[in-house]
Amino acid sequence: MPYTVGDVDYPSRYAYDKARALSSGYTSVRQFRADRAAEVAIERLSSAGRHARDRALEVVSRMREGKSLTDAARDAGTTVKSVLRYAGTAISKEHGRYAVRAEDTLTRRLLVPYADGPQFETIRNSKDATLLSRYWSAVKEWRSTGDDSLLKPFEGKTITVKGQKVTLVTNSEDLAILERGGELDFPDLYERSLLS
């Protein structure tokens, strides 16, 4: 059965999704659908729900730094119940105590470095999110000191975006060009328009 969008007929919903995936830079329709479903779920949250989810992600991060769920929730201005609702898959209960999992698959919209400038992308795992956070901290320090050795630990490191590996930009000359163009002036690693 044909699937019509605007003036264009597609032979199926899959063909339509494939066209959208390819035009968005995806090589996999499955990855496109998963990322889009996660984004839509976040977009459907109320403003208060998006703020609660954002705080829950902050709690998960604080727990990975060694804080208890209760203390991290209190510090982030939220409740344990809210954290479990919005980020519960990142937390387990062991011996009657809550513990954060080493890795999670919570969706985050984060700033990803490209040679032509950073842009926000959907990141679907905490390992890549942590790497990006450490990378942007190093870039920020590099900007203030000019010390190229800060970028060395990230040479050849990749993250997964749209089902493809993206190599972090570590060439100081490339970063200097981006800096001169104002491409490295951003207030936050997270895309707040989606998460808050």
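The values are calculated or read from the model by the stated rules, or taken from the named source; none is laboratory data. This structure is a prediction, so every number in the text was calculated from the model and none was measured. Reconstructed Cβ throughout: ideal geometry from the backbone, glycine too, with neighbour counts over all protein chains shown.
Table for the structure above
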{"read-out": "Residues of the stretch 31-71 that turn out to be in contact with an Asp or Glu (Cβ under 8 Å, 6 or more places away or on another chain) and without any contact (Cβ under 8 Å) to a residue 24 or more places away in the chain, as a count", "value": "3"}
{"read-out": "Top-ranked residue in the stretch 165-196 [being at pLDDT 90 or above and under 16 Å from the mean Cα position of the chain (by Cα); ranked as surrounded by the fewest Cβ atoms within 10 Å (Cβ to Cβ)]", "value": "Lys165"}
{"read-out": "Residues of the stretch 48-95 satisfying the condition of being crowded, with 18+ Cβ neighbours inside 10 Å and part of a strand (DSSP E or B)", "value": "Ile91"}
{"read-out": "Filtered residues of the stretch 96-119 (kept if outside any loop (DSSP other than H, G, I, E, B) and either basic (Lys, Arg) or more than 17 Å from Tyr190 (Cβ to Cβ) (or both))", "value": "Arg97, Tyr98, Ala99, Val100, Arg108, Arg109"}
{"read-out": "Residue under evaluation Asp17, criteria (1) of a type in the set (Asp, Glu); (2) surrounded by fewer than 12 Cβ atoms within 10 Å (Cβ to Cβ); (3) touching a residue at least 12 places away in the same chain (Cβ under 8 Å), criterion not met", "value": "(2)"}
{"read-out": "Condition check for Leu106: farther than 24 Å from Ala34 by Cα and touching a residue at least 12 places away in the same chain (Cβ under 8 Å)", "value": "no"}
{"read-out": "Scan of the stretch 159-178 for residues that are farther than 24 Å from Asp148 by Cα and not aliphatic (A, V, I, L, M), ordered by number", "value": "Thr160, Lys162, Gly163, Gln164"}
{"read-out": "Sole residue being in contact with a strand residue (DSSP E or B) (Cβ under 9 Å, 6 or more places away or on another chain), within 30 Å of Gly25 (Cα to Cα) and among the small types (Gly, Ala, Ser), chosen from Ser68, Ser126", "value": "Ser126"}
{"read-out": "The stretch 146-164: number of residues that are under 14 Å from the mean Cα position of the chain (by Cα), at pLDDT below 95 and either among the polar types (S, T, N, Q) or in a strand (DSSP E or B) (or both)", "value": "2"}
{"read-out": "Flag if Thr130 is of a type in the set (Val, Ile, Thr), more than 21 Å from Ala21 (Cα to Cα) and within 17 Å of the chain's Cα centre (by Cα)", "value": "yes"}
